């Protein structure tokens with residue numbers, strides 16, 4: 001399709017869409033929002049930091065705001081009260097998800113618990129996740145695996161300390177998170193915990209996050225789907241295909257080993273294969289492969305980003321670092337790796353994690369929702385097929401909900417029972433309602449242990465001797481909210 005043809009198609013589609021929208025809004029009252037331009041709508045207002053630009057727009061148009069992004073009506077939620085309305089009070093009406101075109105690669109939404117509609121198959125897969133992977137019993141049983149991975153992280157930092165070399169905290173945390181998951185699921189490492197050798201799988205996960213985080217014209221102009229003008233879905237198909245092929249090989253290998261009565265691993269893969277054999281209607285081979293894909297994509301980058309931001313804030317705020325290290329020394333003992341059982345005795349450490357999740361949520365927008373029918377919210381109509389974005393970044397920095405919201409101040413949680421489990425809508429980094437992130441129980445075990453062990457095992461200084469106040473705090477927008485410049489810090493033995 002040449003350029004002139006594309007323009008003509010765009011103009012025709014815009015004319016039809018705009019005429020329908022005018023007719024529709026005479027009857028229905030949309031939430032307020034900025035006036036859209038022809039064809040592009042409000043796309044020009046997003047910029048390269050949409051979480052920030054939409055938070056700024058919400059100050060003018062309100063916490064329930066409607067934009068037209070290309071040809072797609074999109075409602076933005078920017079306050080805890082509105083988040084509670086859509087994620088709790090009208091949870092079912094807003095429970096469907098709008099899958100970006102990139103993740104349609106390999107028909108992922110047809111199998112993925114992340115994207116499936118709330119129906120029988122989705123309930124079966126959530127049951128498998130909640131009962132067999134993220135239940136308290138299962139997590140207690142795999143605690144030794146997590147402990148070993150944290151020990152390897154500290155050993156890696158120890159080698160860097162001896163050499164006087166800086167650690168790329170995000171990359172080291174990513175390897176730890178990746179191997180934690182791979183040991184939990186497959187009883188094996190998928191990347192070398194002590195170096196960047198054998199990093200193909202890690203890079204594959206990162207490439208998926210990069211492609212999924214790119215602005216994709218198809219998401220705003222659906223008629224471009226067959227063209228895939230930026231090649232995003234095409235590249236994603238390659239990345240997904242490689243991961244599915246890897247998981248397929250690991251499953252085949254396990255099935256072959258399973259024929260031997262002497263081999264018993266009893267990891268997540270064994271549980272999934274047993275469940276599939278006993279009840280194929282609950283989960284089949286394809287769903288096992290796609291569940292692994294979901295877990296690795298969603299469970300690695302988010303954890304490593306959170307740890308990197310937490311370490312960044314600790315180094316940038318010496319008083320915070322001092323107080324955390326003092327608590328660790330008193331409760332656990334100076335220089336020791338902490339265990340999961342220690343976390344409940346470390347209130348300030350827990351507050352540090354909450355404050356990091358408030359000001360640096362792993363995903364700036366919760367996974368997009370959509371409504372299947374018109375839904376009324378606070379006197380406004382959210383129209384059928386409308387995409388709904390909850391701006392978790394804006395909610396965590398809302399001055400109406402938080403005193404001095406831009407300050408990193410863990411103390412704000414010491415006298416508060418506010419938590420991240422979806423009950424307190426001022427703090428929803430993992431979402432809320434029936435679509436809350438199923439990996440939350442693992443994340444809230446893992447991050448404090450990794451953070452506490454790094455702080456308790458070493459002192460930290462920035463590479464090149466830069467002062468903490470000069471630390472770059474810029475964000476790189478994507479599916480996850482990464483640090484624009486990776487944190488490189490030198491661990492110093494105590």
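Taken together, the values in this text are just the output of simple stated rules run on the coordinates, not laboratory data. Being a predicted model, the structure only gives us computed values, none of them experimental. No Cβ is skipped: glycine too gets one built from the backbone with ideal geometry, and neighbour counts run over all protein chains shown.
Taking only the alpha carbons of segment 406-473, what extent do you get along each of the three principal axes, in Å, biggest first?
47, 25, 24
Return the distance in nm (one decimal) between the two label points of a simple spin-label model at residue 434 and residue 215, each offset 7 Å from Cα along Cα→Cβ.
The two pseudo-label positions are separated by 3.5 nm.
How far, in nm, would the chain grow between residue 56 and residue 253 when pulled straight, counting 0.36 nm per residue and subtracting the alpha carbon separation? Don't skip to the answer; put the middle values down first.
Numbers: separation 197, 0.36 × 197 = 70.92 nm, distance 5.21 nm.
Between residue 56 and residue 253, full extension yields an extra 65.7 nm.
May I ask you to derive the FRET efficiency for residue 123 and residue 278 from their Cβ-Cβ distance with R0 = 22 Å, giving the value to the nearest 0.05? All intermediate terms of the calculation are to be shown ahead of the outcome.
Working: r = 18 Å, r/R0 = 0.80.
So, using R0 = 22 Å, E works out to roughly 0.80.
Within segment 91-119, list the residues whose amide N lies under 17 Å from a label point set 7 Å along Cα→Cβ of residue 225.
What the label zone holds, given the 17 Å backbone N cut-off, is 97-112, 115-117.
Can you give me the angle between helix 440-457 and the longest principal axis of the chain, using Cα atoms only, in degrees from 0 to 90, rounded to the nearest 10?
Approximately 50 degrees, to the nearest 10.
Taking the Cβ-Cβ separation of residue 140 and residue 336 as r and a Förster radius of 22 Å, what is the calculated FRET efficiency to the nearest 0.05? Please list the in-between numbers first.
Numbers: r = 21 Å, r/R0 = 0.96.
In this case the efficiency is close to 0.55.
What's the extension gain from residue 384 to residue 459 if we count 0.36 nm per residue and subtract their Cα-Cα distance?
Gain in length upon complete extension: 21.6 nm.
Quick one: angle between helix 285-316 and the longest Cα principal axis of the chain, in degrees between 0 and 90, rounded to 10, please.
Once rounded, the angle reads 70 degrees.
How much length is gained on full extension from residue 373 to residue 488, taking 0.36 nm per residue of separation minus their Cα-Cα distance?
Roughly 36.5 nm would be gained on extension.
Show log10 I(q)/I(0) for segment 27-157 at q = 0.12, 0.18, 0.21 Å⁻¹, two decimals, from a solvent-free Debye sum over equal Cα scatterers.
The Debye formula, applied to the Cα set alone, gives -0.76, -1.10, -1.21.
Below 8 Å, C-alpha to C-alpha, sequence gap of six or more: please give me the relative contact order for segment 31-493 in percent. Write down the numbers at each step before the final one.
On the way: 714 pairs, mean separation 111.1, N = 463.
Relative contact order of segment 31-493: 24 percent.
Can you tell me what share of the DSSP beta bridges in the chain is antiparallel? A percent to the nearest 5 is fine. Could you put the intermediate results ahead of the total?
Details: 25 of 29 bridges.
Bridges in the chain are about 85 percent antiparallel.
Nearest 10 degrees is fine. How inclined is helix 169-186 to the longest principal axis of the chain, computing both from alpha carbons?
90
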